[in-house]
Amino acid sequence: MSAKISPNAPLHPLLAQYLVQLSTNPLRTKAITSATFSFLQEVIGSHAAGLPPSPTPKDASVLTKALARAHINAKAFKMALYGFSVSAPLGHVLVGLLQKAFAGKVGLKYRLAQLLASNLLIAPIQTTAFLASMAMINGAKSVEDVVRTVRAGFFTVIRVNWVVSPLSMVVAQQFIPVELWVPFFNIIQFALGTIFNIKVKRLRLAAAKREEEQKERERAESAAANLNDV
């Protein structure tokens, strides 16, 4: 999707420059944007979920310790790589095909058809790619692990997308200038992805806490049993 800048719309110089880059170098600009947002989603999600910093050796450098406290770690860079090499190119190609299919077609029925095609064809592909990538980033070691992750999360993610996508499209059509649609949808996706990230991390943190508490109880019961035997 390329953006055409309206000469009548006063824009912030940085935003105007971004739109110029989006128009002249759409894939590169989208890839850099997606990489940046994916990186920030991971870092912000870790902070907001209350995850403890990654452990560092006692003799680690000050920079290493600072990066650990800031949750700037290997996973954050893997997320950036996902945004740059998977999310942005895939979205660029799929949305481009959708736009070509409906180019020159106007009217309510074509808008609805485009929305349905986006939600029933494009969204499932992007959701599958997202979940498969997350499985690999989180350490999936086999195809079965990836498939299991996709099956477990597919309908949860796609249902949210089916709600958010039409609503954001209506808002864009009614209130957002066309030249700002790409940044607008980027922000929507960033916010949604960050919320998902925080939710998943909190669930994992709670599960790890419950597991640790269970182990503590088992150790206490084992110690009590040993004392009784004595």
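The values are calculated or read from the model by the stated rules, or taken from the named source; none is laboratory data. Values in this document were obtained by computation on a predicted structure and should not be read as measured data. Cβ atoms come from the backbone with ideal geometry, glycine included; neighbour counts cover every protein chain shown.
Side notes on the structure shown:
- The one condition from (1) assigned by TED's automatic domain parsing to the domain that holds residue 124; (2) under 16 Å from the mean Cα position of the chain (by Cα) that residue 148 does not meet is (2).
- Region 121-156: number of residues that are in a helix (DSSP H, G or I) and more than 17 Å from residue 79 (Cβ to Cβ): 17
- Complete set of residues in region 163-182 that are loosely packed, with under 14 Cβ neighbours inside 10 Å and under 24 Å from residue 196 (Cα atoms): 163, 167, 170, 171
- Every residue from region 50-97 that is free of Cβ contacts under 8 Å to residues at least 60 places away in the same chain, touching a helix residue (DSSP H, G or I) at 6+ places or on another chain (Cβ under 6 Å) and assigned to a helix (DSSP H, G or I): 76, 78, 79, 80, 82, 83, 84, 86, 87, 90, 94
- The listed residue being at pLDDT 90 or above and either surrounded by 11 or more Cβ atoms within 10 Å (Cβ to Cβ) or in contact with a strand residue (DSSP E or B) (Cβ under 7 Å, 6 or more places away or on another chain) (or both), out of 140, 113, 129: 129
- One residue stands out in region 99-120 among those that are among the small types (Gly, Ala, Ser) and not in a helix (DSSP H, G or I): the one that is nearest to residue 153 (Cα to Cα), namely 103.
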